[in-house]
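Each reported figure results from applying straightforward, stated rules to the coordinates on display, with no laboratory input. Predicted model only: the values in this text are computed from it and were never measured. For neighbour counting, all protein chains shown are included, and Cβ atoms are generated from backbone atoms with ideal geometry for every residue, glycine included.
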Ligand SMILES: [Zn+2]
């Protein structure tokens, strides 16, 4: 198997197992509603995400079958252990991506938010962790790191962005 077919294989298996972007936001909505109100029902999730109850029900069916969400007899939703882990991973990815896009690449907050949102559920925990280590080093007291960052930010392209 060459690198190309191997990558294609990874892509296919990923498509089957991965959480869709919409599913990730459903899990985060349940997480936020539980934290804020102590309960989450289909109607609350629909309101939170600004979509219909029917649409939420369809996505929840998948999330329940994958073992991320449970619903009790009173229609209250809960995250399972793996559902909570998924939320934690997505939130951690979002934080590290935001920092990278905003603090290193100097994109404006709105653009950084949009792009972090698009990628947050796709990064593996390993990549998210490695990116975090990279940022920790880049913003550490290591003089090579601060020199690198300063040199990057003073390049013609970047200083134009900074001054905007
Ligand atoms: Zn998102």
GNM of the chain, Cα pairs under 10 angstrom: of 149, 27, 105, the biggest fluctuation goes to 149
Relative contact order (%) - criterion: Cα under 8 Å, at least six apart; region: the chain: 17 percent
Per DSSP helix of 4 or more residues, -39500 (n - 2.57); summed, then divided by the residues of the chain. What does that give at 222 nm, rounded to the nearest 500? -22500 deg cm²/dmol
FRET efficiency for residue 61 and residue 110, using Cβ-Cβ distance with R0 set to 30 Å, rounded to 0.05: 0.35
Separation in nanometres of the label points that stand 7 Å from Cα toward Cβ, at residue 144 and residue 130: 1.9 nm
Simple spin-label model, 7 Å along Cα-to-Cβ: residue 84 to residue 32 in nm? 2.0 nm
A correct fewest-to-most ranking of 156, 64 by other Cβ atoms within 10 Å would be 156, 64
When 51, 30 are ordered from fewest to most other Cβ atoms inside 10 Å of their Cβ, what list results? 51, 30
So what are the radius of gyration and Dmax for the Cα set of the stretch 75-164, in Å? 16.1, 57
Quick one: give the max-minus-min coordinate of the C-alpha atoms of the chain along each principal axis, largest first, in Å. 59, 47, 27
